[in-house]
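The values are calculated or read from the model by the stated rules, or taken from the named source; none is laboratory data. Small disclaimer: the values here were computed from a predicted structure and weren't measured. No Cβ is skipped: glycine too gets one built from the backbone with ideal geometry, and neighbour counts run over all protein chains shown.
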Amino acid sequence: MDVHGFLYSQIGYDLGDPMRAIIRGEKRTRVPDGSTFTVRRIGDTPVASANATAAEDPRTNGAALTGAVEYWGETWHSHWWTVDFSAITEAGTYTISVDAPNGRSIYTSDPIRVGSFLLWDETVVPVAVEQMEERQRLARNGIGWKDCGAEWREANSHATTIIALCELAERGASWLSRGVVDRIYAQIVHGCEYLGVLQDAGEQTGAPDGAVIHEIPNHMDVIPGDSAQAAVAFGYAARLLADTRPETARVLSERAIRAMDYLLLEAEPHSPDGFSGMNHGTPENFRVPNEFMTRDLAMMMWGCVQLFVGGHVSYKRHAARLARQIIARQVPDERAEGGTNGDPKLYGHFYTFDSADVTEKSNTHHHFGHDSGSTWPHYIAPLTEMCRWWNDHPDNALWRECVRKFA
């Protein structure tokens, strides 16, 4: 049986953004060479005009756009084709049909909307507000958010979500109603309250002050990366809530400082327990260095930036020092890796450690221990903010070059 499908957005496409549909098939013959696609706006009728334009050609039966289906290649044991209809310039509801050279119909889409800000309008409230409120309701004891189908409430997933909600509230407030913004703020506070419980529980287990444990009640162990992500979340939320919830902001600022001071003064890299050589791509005899992973240094740097922006200016020098450590681990172009199977060689990403020739992967979250919570490497976000805030810093050019190479 040939498993195949015609994949396109059920929400729709925003004008000016790339607009593509994708065909997947197990067999190369699923879409014959020379196949074409036709995009029609619902309600349009065939045009018969002596002066027909490309969009009104009577041979296209009123089509808004026609083009060739492009074969992309093979991966994941499947063949892939693309239908690029980015040339559509008018809002409306369209259908896409794909036909073989002999006229045989291969696929016809359901109605597809094209307009402005469709993705934002259709997703921001269900994803950022309604989903989080429901996860709050389903969480154990109503504390934190229910995670990915399990009962766990891990520190890293909560910190990631808090940071995302903060960015949404900060950058998207003018696009949202006051009521929606207030609901987002409520979820930010709710998530931070659970991270606060994890920080308080760390002290109860004998961990240094400010350290955050991974999860309650199943994994009450301190992993430095969790504390780094929590520091960013606490610091970001504190400055965002300073005018509407000043007392909450003060408490969160204190938590961010405690987490950062633990990381800068007392934290040590986690033991090799729980290191996944498969996820990191290391040889069997690899010995895990006693070093922080680059992703952890990057989150520490971002935590320092958040505290600086929140008025704690002494953390600026720590951010600059951490930036130099991170930049020293960036893969230079002369040591680019990859280039097999027609893929381009890659450089500008980062080695995981100073003393090992292993590049850091996006997601190495696996066994509990060393790699727990390693789901979110944000090297560039803090560097871009540092470039903006400290444009007169002597290292500013280094930061900008690091961002350029990564991009």
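Residue by residue, here is whether (1) in contact (Cβ under 8 Å) with a residue 12 or more places away in the chain; (2) closer than 22 Å to H158 by Cα; (3) part of a helix (DSSP H, G or I); (4) among the charged types (D, E, K, R) holds:
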residue: S314; (1), (2), (3), (4): no, no, yes, no
residue: A319; (1), (2), (3), (4): yes, no, yes, no
residue: D357; (1), (2), (3), (4): no, no, no, yes
residue: M386; (1), (2), (3), (4): yes, no, yes, no
* Structure fact -> Quick count over the stretch 136-160, residues being surrounded by 18 or more Cβ atoms within 10 Å (Cβ to Cβ) and assigned to a helix (DSSP H, G or I), is 7
* **When residues of the stretch 207-223 are limited to those that are farther than 20 Å from F292 by Cβ and not in a strand (DSSP E or B), the one modelled with the lowest pLDDT** => N218
* Structure fact -> Screening V358, V309 for residues that are among the β-branched types (V, I, T) and modelled with pLDDT under 95 leaves only V358
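Determine whether Y379 is touching a residue at least 24 places away in the same chain (Cβ under 8 Å) and touching a strand residue (DSSP E or B) at 6+ places or on another chain (Cβ under 7 Å). Outline the logic, then answer.
Working: touching a residue at least 24 places away in the same chain (Cβ under 8 Å): yes; touching a strand residue (DSSP E or B) at 6+ places or on another chain (Cβ under 7 Å): yes.
So Y379 passes the test.
Can you list the strands (runs of 3 or more DSSP E) lying wholly within the stretch 71-110 that have 2 or more residues being without any contact (Cβ under 8 Å) to a residue 24 or more places away in the chain?
Working: elements: 78-84, 92-99, 105-108.
In the stretch 71-110, the matching strands (runs of 3 or more DSSP E) lie at 105-108.
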* To do: Report, ordered by the first and then the second residue, all pairs with beta carbons closer than 8 Å, sequence separation of six or more or different chains, a first member in the stretch 266-292 that is not assigned by the TED database to the domain that holds T352, and a second member that is part of a helix (DSSP H, G or I) and among the aliphatic types (A, V, I, L, M).
  => none
* Please specify each residue of the stretch 389-407 satisfying the condition of being touching a strand residue (DSSP E or B) at 6+ places or on another chain (Cβ under 7 Å) and either under 17 Å from K316 (Cβ atoms) or crowded, with 16+ Cβ neighbours inside 10 Å (or both). => C402
* **Within the stretch 24-82, tally of residues that are farther than 19 Å from D2 by Cα, basic (K, R) and either at pLDDT 95 or above or in contact with a helix residue (DSSP H, G or I) (Cβ under 9 Å, 6 or more places away or on another chain) (or both)** => 1
* Asked: What are the residues in the stretch 292-333 that are under 12 Å from L383 (Cα atoms) and among the aromatic types (F, W, Y), if any?
  -> W302
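Tell me, which residue of the stretch 111-135 that is under 27 Å from E70 (Cα atoms) and not in a loop (DSSP other than H, G, I, E, B) is modelled with the lowest pLDDT?
Within the stretch 111-135, the subset under 27 Å from E70 (Cα atoms) is 111-116, 118-119.
Filter once more, keeping what is not in a loop (DSSP other than H, G, I, E, B): 112-115, 118-119.
Values: I112: 96, R113: 96, V114: 96, G115: 96, L118: 95, L119: 92.
Filtering first and then ranking leaves L119.
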* Could you grab me the full set of residues in the stretch 115-131 that are in contact (Cβ under 8 Å) with a residue 12 or more places away in the chain and under 17 Å from the mean Cα position of the chain (by Cα)? => L119, W120, T123, V124, A128
* Asked: Which one is surrounded by the fewest Cβ atoms within 10 Å (Cβ to Cβ) among residues in the stretch 3-30 that are farther than 13 Å from S116 by Cα and of a type in the set (G, A, S)?
  -> G5
* **Flag for D226 being in a helix (DSSP H, G or I), acidic (D, E), within 16 Å of L263 (Cα to Cα) and in contact with a strand residue (DSSP E or B) (Cβ under 9 Å, 6 or more places away or on another chain)** => yes
* To do: Quick one: in the stretch 168-182, of everything that is surrounded by fewer than 18 Cβ atoms within 10 Å (Cβ to Cβ) and touching a residue at least 12 places away in the same chain (Cβ under 8 Å), which residue is nearest to V212 (Cα to Cα)?
  => E170
* Condition test on E193, is it modelled with pLDDT under 95, among the charged types (D, E, K, R) and over 19 Å from the mean Cα position of the chain (by Cα)? -> no
